[in-house]
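The values are calculated or read from the model by the stated rules, or taken from the named source; none is laboratory data. The shown structure was predicted, so the numbers you read here are calculated from the model rather than taken from an experiment. Cβ atoms come from the backbone with ideal geometry, glycine included; neighbour counts cover every protein chain shown. Heads up: the accessible areas ignore ligands, DNA and RNA and are worked out on the full protein's heavy atoms, side chains in. Shrake-Rupley method; radii C 1.70, N 1.55, O 1.52, S 1.80 Å.
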Amino acid sequence: MNDTLFGKIIRREIPATIVYEDDEVLGFKDIAPQAPVHVLFIPKNELIPTMDDLQPGHAALVGRLVLAAASYARQ
């Protein structure tokens, strides 16, 4: 992970309220929420800057992100 804000959160260089974590996905509360529940789920090992940068090879990772968010939402 590069030296972005998200990379620093993943490496615990910037504090965050982490609500979900596994080997590939990190979920944390937004520091400036725009809704009562505003949680970000990001890939831990691969930077995908925008939706436009998604490729067919990212399908499994995108699925894991969605499943992690769904799991958190059910709680």
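Quick rundown of the values:
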| item | result |
| --- | --- |
| Residue-normalised accessible area of the chain, expressed per residue, 1.4 Å probe, Å² | 69 |
| Which labelled figure in (1) 3, 11, 18, 18, 17, 17, 11, 4, 1; (2) 3, 16, 26, 23, 16, 9, 5, 1, 0; (3) 3, 15, 26, 25, 21, 9, 1 is P(r) over Cα pairs in 5 Å bins from 0, in percent, once derived from the coordinates | (3) |
| Cα-centre dipole for the chain with unit charges at Cβ (Lys and Arg positive, Asp and Glu negative), debye to 20 | 260 |
| Amide hydrogen neighbours beyond the local backbone of residue 25, cut-off 5 Å, H modeled | 44 |
| Relative contact order, percent, the chain [alpha-carbon distance under 8 Å, six or more residues apart] | 27 |
| Virtual spin-label span in nm between residue 29 and residue 12, 7 Å along Cα→Cβ | 1.9 |
| Rounded percent of accessible protein surface that carbon and sulfur make up, the stretch 24-74, 1.4 Å probe | 61 |
